[in-house]
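First the structure, in the form of structure tokens, and then the observations on it.
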Amino acid sequence: MTTLASLGFDDFFASQLERLGIPGWLPARVVAEGQSSFHLAGARAPLGDLTGKLLGSLSKVERPVVGDWVAVIDGPDRASIQHVLERRTTLLRRAAGTLDEAQVIAVNVDVFFVVTAVNREFNERRLERFATAVWNSGAEPVIVLNKVDLDADLAPLLEAIDRAASGVPVVRASAASGEGIEALRTYIGPGKTVAFIGSSGVGKSSLMNRLLGREAQAVGALRNDERGRHTTSGRQLIELPSGGVLVDTPGLRELGLVDDIGGVETSFADVAAFAETCRFRDCVHESEPGCAVLAAVASGKLPAERLASYRKLLKEIAAAERKRDPILAGRTKARWKEIHKAMRARTKVDPKLKR
Ligand code: GDP
Ligand code: ZN
């Protein structure tokens, strides 16, 4: 039976509701996002709408998403969403090389399974970026080394995992044979919210199917979803048969295709440290005046190869972005042009901007 507790409602959220102290406000969890309404669990009404006041006051990142707990005035068919409770964890993605504001990928996830595979999908840097993003979200990462049924030497991979995410628990798994699935369950207690992240092809869908007890052949259908339109069929927050809640949203799936979560700064801490003192906050370290990164390369403080590989990564990410969303990519380019123009104008007329 679904209860508030089995959906993940605990003291952290209950105490917030208590502090609000408004009789008639009840908790509900967002399980899917519709066009204008939200699909809810835990309330009597299956659907909820934001009040006009919330619609007008919430910023893009504050708007409820799958996993959020909200306070509602319940009804038989529709609930009225009065308040979004503070999130325990927030996985944000900062699209690198663009000026887009951070995008909320997942909220109130307790444990992220960061999946990698023993075959060609294994990539230490990517693993590091995903693990770092999970740490930053406030959630707990668990690394899953999948496809161990394939013939592979695990020792060097486990060493690489330790370098990329030292101290993080590692589960060796195979969605094909079922190995490690019980070990995954030990991180999924009743009321715990979990999600999978990792590159496309590492076996996230297959592992989720194992946990859900779904037919393995459903993977093919799920892969089609990844490619294009997403099925709008129901919940993206699903109760697992053995307890716990699984978040599986289009946003999380897309992350695997883009392979980036704004972690460029984490693998390029040296470049980022110099970039902090660039004259312009949006400096892309190409030819901007007052660029501290270019200055560091010129003076030999930063090896030129580091800047080169930093640029290469940015380019890869931008290419993935374009593939994912051509319209957005076009806009981004146009915006950069504008900014560069404005920058040139400013440096000419405003002496205060000069160091
Ligand atoms: P996703 O993109 O991360 O969701 O990956 P999928 O679950 O769609 O799996 C990608 C491919 O890897 C599919 O062809 C799966 O059948 C295969 N695969 C997934 N898990 C395993 C595994 O444990 N062992 C082997 N050998 N293949 C797997
Ligand atoms: Zn710079």
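Just in the stretch 1-70: which trypsin sites (Lys or Arg not before Pro) are loop by DSSP and have at most 15 other Cβ atoms within 10 Å? Mind dumping the intermediate values first?
Numbers: sites: 19, 29, 44, 53, 60; in loops: 44, 60.
Sites meeting the loop and neighbour criteria: 44, 60.
Expressed in nm to one decimal, what extension gain is obtained for the pair residue 10 and residue 44 from 0.36 nm per residue of sequence separation less their Cα-Cα distance? Show your work: numbers first, answer last.
Working: separation 34, 0.36 × 34 = 12.24 nm, distance 1.90 nm.
Gain on stretching residue 10 to residue 44: 10.3 nm.
Given a 1.4 angstrom probe, what's the average accessible area per residue across the stretch 11-84, in square angstrom?
For the stretch 11-84, the solvent-accessible area averages 50 Å² per residue.
Please say if the stretch 137-186 is rounded, prolate or oblate, where rounded means a/c under 1.5 for a ≥ b ≥ c the square roots of the C-alpha gyration tensor eigenvalues, and otherwise the choice is prolate for a/b larger than b/c and oblate otherwise? Spell out each step's value before the answer.
On the way: a/c = 2.84, a/b = 1.18, b/c = 2.41.
Oblate, since a/c reaches 1.5 and b/c is not below a/b.
What is the gain in length, in nm to one decimal, between residue 120 and residue 163 on full extension, counting 0.36 nm per residue of separation less the C-alpha to C-alpha distance?
Answer, rounded to one decimal: 13.7 nm.
What residues have an amide H closer than 5 Å to that of residue 79, excluding those fewer than 5 places away on the same chain, when H is modeled at 1.01 Å from N in the peptide plane?
Answer set, sorted by chain and number: 47, 48, 49.
With equal scatterers on the alpha carbons only and no solvent term, can you work out the Debye log10 of I(q)/I(0) for the stretch 11-84 at 0.26 1/Å?
Values, matching the q order: -1.31.
So how strong a dipole does the stretch 105-208 carry about its Cα centre when Lys and Arg Cβ are +1 and Asp and Glu Cβ are -1, to the nearest 20 debye?
In debye, rounded to 20, the stretch 105-208 gives about 300.
The values are calculated or read from the model by the stated rules, or taken from the named source; none is laboratory data. All values derive from a computational prediction rather than experimental measurement. With ideal geometry, Cβ positions are generated from the backbone for all residues, glycine too; neighbour counts draw on all protein chains shown. These area figures cover heavy atoms from the full protein model, side chains too; ligands, DNA and RNA do not enter into them. Shrake-Rupley method; radii C 1.70, N 1.55, O 1.52, S 1.80 Å.
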